[in-house]
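One structure is given below, encoded as structure tokens.
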Amino acid sequence: MPERPLPTPIERTQPFWDALRERKVKIQYSPSSGQWVFYPRSHAPLTLADDLEWREISGAGTLYTYTIARRPTAPDFAGDEPQIIAVVELDEGPRLTSTLVNVDESAISVGMRVRPVFEDVPDSETTLLRYEPAP
Amino acid sequence: MGLRGEAAIVGISEWKPERRPTAPPIFTLEQWARLAREALDDAGIDPSEVDGICCTNIRESDSFVPSTITEYLGMQVNFAEVVDLGGASCAAMVWRAAAAIELGVANVVLIAAPSWPSPRPPAPPSGPSSWRYGASSANYGSPQAEFDIPYGNVAQNCGYAQIAMKYGAEYGYDPEALARIAVDQRVSANHNPAAVFHHVPITVDDVLNSPMISDPIHMLEIVMPCVGGAAIVVAGKDVARRSKHRPAWISGFGERVLHKTPTYAEDLLTTALIPAADAAFEMAGRTREEVDLISVYDCYTITVLMTIEDAGFCPRGEGQPFVREHDLSFRGDFPCNPHGGQLGFGQAGLAGGMSHITEGARQLMRRAEDHQVPDADIAFITGNGGLMSEQVALILEGD
């Protein structure tokens, strides 16, 4: 199996990854605009306010869209197909990229409720945020 | 405000796309020289008249690209532009050239998209290729490297599939209608000897029975990567009037750039083309009904469907019945990509995006021979970069 690409956190984004390690989801919030932000940034999008702070959220959301890749999306993912690549809209508003696990292909639909699955990647410091259908 | 329509495409060079190159690699700078010479010869303009260039990246230099090219070509220019908008780059270069000409900055601007392989260095650089994840950036600090690539959300197929899936959830999905786009364009390709699929007709069943690559997109709904290259010459009124062909005047444009990764789109179904197309039509003072043909970016069938809607040729969400009711081939009632589109003609790198411009100009010049749209006077063109998120619309007009 080829080696999967893992994230290399930077100082700015480290709190997100640290939270996943602790089975928590934390994203940024800008009090001046009331805006939730993902992915982590130095300044809030559009307002460019520099008041972003980390807040814990549930991580629950809905499936905004998805695809089932029948061919590996890159050579590094050979053997992973079908890859169920998901865009999840968090209840707070922002969207993130993930994959769906613990689901039958026929049970997937845009708009379905989903919840986080924390996956510790073996032999690494990384925990990835995957999603499964919420009951 | 905007263009007055006083700059025109006057010369074209376009290499036949090939799936596997039948000739040796050529350095990008040499491709530039060859394409420039051919396009200028086509226009009947002497190279000494060139005073502007628009380019994309070249293999031989990561920075100082325009001066590397002008030095190689022995040219001195008043206008030098690098454009990095993926598949929208060539269309974006066209309006920049026209704007520079109308401002009086330049008079003859060369635009090239060399897309032939270049020779590999004797000792190849170590480390993974920068295109390992397609257009997705794996560079340190890149948001895609950290938040998208680890989940396999990489580059084009799966991004367009996410868009198509969302489209289906919103408006319903009619796979046969999408397949018809590929089929109608293939009819045109079958009449274009330069098309990579010139000799290969297809049916709706062929499309629907081709392998599912990324739900709901089938293999025959995806462009065929090719090698090739293309260049055009854009010139001001006086030069255009004495060039060899009927000039294709650039009368309107619009440009809109949003996000890179579809995950972070404000609304995945509201593409950047809506404001870009409106701006182009308004600037040109033209209506959708006046358009004789469209030559629009078609990396996937869903791209064409959403382009027809978002450019305003039919209401949003009604593209599927529209393509069922119209014949999109060059001889049909709604000619769309009469060269076959990149789906039928082949996608030779950034020259694939250029093919929509060369085809628009060729049709207005009445040089399209077996795939000529009768009485072609007004063409609507798009360039699309990234995931429907970098859009340029152009309107070209004959006299």
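Mind putting a number on the dipole of chain A about its Cα centre? Charges go on the C-beta only, +1 for Lys and Arg and -1 for Asp and Glu, and I need it in Debye to the nearest 20.
280 debye
For the range A:59-135, build the charge dipole from Cβ charges (+1 Lys, Arg; -1 Asp, Glu) around the Cα centre, then report which of A:Gly111, A:Ala74, A:Thr99 sits farthest towards its positive end.
Farthest along the dipole direction, towards plus: A:Gly111.
What distance in nm separates the simple spin-label points at B:Glu369 and B:Arg20, each placed 7 Å from Cα in the Cβ direction?
If labels sit at B:Glu369 and B:Arg20, their model points lie 2.6 nm apart.
Quick check on the range B:157-228: what are the equivalent-ellipsoid semi-axes from the Cα gyration tensor, as sqrt(5λ), descending, whole Å?
Value: 24, 14, 10 Å, ordered largest first.
Size of the dipole of the range B:115-215 about the Cα centre, Lys and Arg at +1 and Asp and Glu at -1 on the beta carbon, nothing else charged, in debye to 20?
480 debye
In µm²/s, what is D for the range B:265-399 at 20 °C and 1.002 mPa s, where D = kT/(6 pi eta Rh) by Stokes-Einstein and Rh is the Kirkwood radius from Cα pairs?
Taking Rh from Cα pairs, D becomes 146 µm²/s.
Between B:Tyr171 and A:Ser58, what FRET efficiency comes out of the Förster formula 1/(1 + (r/R0)^6) with R0 = 35 Å and r the beta carbon distance, rounded to 0.05?
Step by step, r from the Cβ atoms, then E = 0.70.
What length, rounded to one decimal in nm, is gained on full extension from B:Thr287 through to B:Tyr72, with 0.36 nm per residue of separation minus their alpha-carbon distance?
Result: 73.1 nm gained on full extension.
Summing Lys, Arg as +1 and Asp, Glu as -1, what charge do residues with Cβ under 9 Å from the Cβ of B:Ile213 carry, B:Ile213 excluded?
Charge balance in the 9 Å sphere: 0.
Have a look at the range A:11-57 and give its Rg and Dmax from the Cα atoms, expressed in angstrom.
10.4, 31
Taking the Cα centre of the protein assembly as shown as origin and charging only Cβ (+1 Lys, Arg; -1 Asp, Glu), how large is the dipole, in debye to the nearest 20?
Roughly 680 debye for the protein assembly as shown.
Show me the three semi-axes of the equivalent ellipsoid for the protein assembly as shown, from the C-alpha gyration tensor (sqrt of 5 times each eigenvalue), largest first, rounded to whole Å.
Whole-Å semi-axes of the equivalent ellipsoid: 40, 26, 23.
Over chain B, what relative contact order in percent results from Cα pairs under 8 Å that are six or more residues apart?
RCO, chain B: 26 percent.
Please enumerate, by chain and number, the lysines with C-alpha under 24 Å from the C-alpha of B:Lys244, excluding those fewer than 8 residues away in the same chain.
Partners found: B:Lys16.
Could you list which residues have their amide H under 5 Å from that of B:Ser214, counting only those 5 or more apart in sequence or on another chain, with H placed in the peptide plane?
Amide H to amide H, under 5 Å and 5 or more residues apart or across chains, B:Ser214 pairs with A:Arg70.
Over the Cα atoms of chain A, what is the Rg over Rh ratio if Rh follows Kirkwood?
That ratio equals 0.98.
With just the Cα atoms defining each centre, how far is the range A:40-89 from the range B:1-45? Give it in Å.
Value for the Cα centre distance between the two parts: 40 Å.
Under the rule that an exposed site lies in a DSSP loop and has at most 11 other Cβ atoms within 10 Å, name the longest stretch of chain B with no chymotrypsin sites (Phe, Trp or Tyr not before Pro) of that kind, not counting the sites themselves.
Longest gap between qualifying sites, sites excluded: B:141-399.
How many Å³ per residue does the convex hull of the Cα positions in the range B:62-195 occupy?
Enclosed volume per residue, from the Cα hull, is 231 Å³.
Excluding B:Gly319 itself, what net charge comes from residues whose Cβ is under 10 Å from its Cβ, given Lys and Arg +1 and Asp and Glu -1?
Cβ neighbours under 10 Å give a net charge of -2.
Show the residues, 5+ positions off or on another chain, whose built amide H is closer than 5 Å to the amide H of B:Phe79.
The list, which skips near neighbours in sequence, is B:Ile53.
State log₁₀ I(q)/I(0) for the range A:59-135 at q = 0.18 Å⁻¹ as given by the Debye formula over alpha-carbon point scatterers of equal weight, solvent excluded.
Results for the range A:59-135 at q = 0.18 Å⁻¹ read -0.73.
Hey, how many Å between the Cα centroid of the range B:308-354 and the Cα centroid of the range B:68-144?
26 Å
Considering the options A:Ser42, A:Ser30, A:Trp17, tell which one lies farthest towards the positive end of the dipole of the range A:11-57, charges being +1 on Lys and Arg and -1 on Asp and Glu at the Cβ, about the Cα centre.
Highest projection toward the positive end goes to A:Trp17.
Which lysines, if any, have their Cα less than 29 Å from the Cα of A:Lys26, not counting same-chain residues under 8 positions apart?
Straight-distance partners of A:Lys26: B:Lys166, B:Lys260.
Which whole number gives the average count of other chain Cβ atoms within 10 Å of the Cβ atoms across peptide A:93-106?
Neighbouring Cβ atoms belonging to other protein chains average 3 per residue here.
For B:Arg286, B:Arg241, which order do you get if you count the other beta carbons within 10 Å of each Cβ and list the fewest first?
Taking fewest neighbouring Cβ atoms as first place, the list is B:Arg241, B:Arg286.
Between the alpha-carbon centers of the range B:149-180 and the range A:1-34, tell me the distance in whole angstrom.
27 Å
Could you pull the Cα extents of chain B along its three principal axes, largest to smallest, in whole Å?
The principal-axis extents, from largest down, are 55, 54, 42 Å.
Taken together, the values in this text are just the output of simple stated rules run on the coordinates, not laboratory data. Values in this document were obtained by computation on a predicted structure and should not be read as measured data. When we count neighbours, we look across all protein chains shown, and the Cβ atoms used for this are built from the backbone with ideal geometry, even at glycine.
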